[in-house]
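Where a number appears in this text, it was derived from the coordinates with a stated rule and is not lab data. It should be emphasised that the depicted structure is a prediction, and the values quoted were computed from it without experimental measurement. Every residue, glycine as well, gets a Cβ built from its backbone with ideal geometry; the counts of neighbours run over all protein chains shown.
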Amino acid sequence: MIIAPSILSADFGNLQRDLEMINRSEADWFHVDVMDGVFVPNISFGFPILKQIKKYAQKPIDVHLMIVEPQRYIDDFCVQGADIISVHIEACTHLHRVVQQIKSLNIKAGVALNPHTPASHLQDIISEIDVVCLMSVNPGFGGQKFISNTYKKIQELKTLIAQSGSKALIEIDGGVDFENAVALKECGADVLVAGNTVFSHSNPEQAIARLKQT
Ligand code: DX5
Ligand code: ZN
């Protein structure tokens, strides 16, 4: 299981400390949530923060773009250090083109799905992508309640991936905790994003180790 702590829940006044904690921990990726206040009803951060994350991060940086017209910014996110870029299917009129744009930069391409978007919408693109980011909350905020319809979607996605011969990883984003992590693994999740579960814990490094052991 790949564990990707979400920086959205880190202490931005002590960002270096939290980044170094993730370096030391058993986490695998840094999950970086970019929100534009248009695609989602919240604004998080952009390039200056990503630049700081890149300065300290010793593990791959997984950038989740919750923004409209992501194609306008993909090249810059790559220059600033993204190793994986996920765009929302709901934000891309020409998803195939955007996926090719990401891959042309020699980084991994991800596609994120809102809770209401069926897994089947990926049928004609699944063989092209490296990561499917299944939103298990409505994107925009950390610390929300997990939507249990996600289990069914993981199974549908698993079938789609198997049928197409795709190697896409299934990433679950939103409301992941110690309890549902076990069930998510059993369903076939490959990557767990965790914000609140890690950073609201009295010992975040231990919380990461516990998720890793699921
Ligand atoms: C939600 C973000 C998530 C969020 C997860 O819009 O995409 O990555 O930070 O946070 P938790 O784990 O607290 O739900
Ligand atoms: Zn995210």
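Of the DSSP H helices in the chain, those that are both long (alpha-carbon extent of 18 Å or more along the helix axis) and hydrophobic (Kyte-Doolittle mean at least -1.0) are 150-164. Considering only Val111, Val99, Cys78, and ranking their Cα positions along the charge dipole of segment 78-130 that arises from unit charges at the beta-carbon of Lys, Arg, Asp and Glu, the one farthest toward the positive end is Cys78. For segment 124-214, dividing the convex hull volume of the Cα atoms by the residue count gives 97 Å³ per residue. The Kirkwood radius of segment 16-60, taken over pairs of alpha-carbon atoms, gives through the Stokes-Einstein law at 10 °C and 1.306 mPa s a diffusion coefficient of 137 µm² s⁻¹.
Report the FRET efficiency, 1/(1 + (r/R0)^6), for Asn106 and Lys55, where r is their Cβ-Cβ distance and R0 is 30 Å, rounded to 0.05.
Details: r = 21 Å, r/R0 = 0.71.
So the FRET efficiency works out to roughly 0.90.
Using only helices, what value at 222 nm comes out for the chain when you add -39,500 (n - 2.57) per DSSP H run of length 4 or more and divide by the total residues, to the nearest 500 deg cm²/dmol? So the calculated ellipticity at 222 nm is -9500 deg cm²/dmol. Using a Gaussian network model of the chain in which every pair of alpha carbons under 10 angstrom is joined by a spring, one finds that among Thr117, Thr159, Thr93 the greatest mean-square fluctuation is at Thr93. For the chain, the convex hull drawn through the C-alpha positions has a volume of 107 cubic angstrom per residue. Projecting the Cα atoms of Gly188, Phe12, Asn149 onto the charge dipole of segment 2-212, computed from C-beta unit charges around the Cα centre, puts Gly188 farthest toward the positive end.
This model, with +1 at the C-beta of Lys and Arg and -1 at the C-beta of Asp and Glu, gives the chain a dipole about its Cα centre of some 180 debye. When only alpha carbons of segment 163-214 are considered, Rg and Dmax amount to 12.2, 43 Å.
By DSSP, what percent of the beta bridges with both residues in segment 2-212 are antiparallel, rounded to the nearest 5?
Details: 1 of 32 bridges.
The antiparallel proportion sits near 5 percent.
Residues considered: Gly143, Gly165, Gly46. Largest GNM mean-square fluctuation over the chain, using C-alpha springs under 10 Å, is found at Gly165. Plainly put, segment 83-138 has a radius of gyration that is 0.94 times its Kirkwood radius, both from alpha-carbon atoms, as the Rg/Rh ratio.
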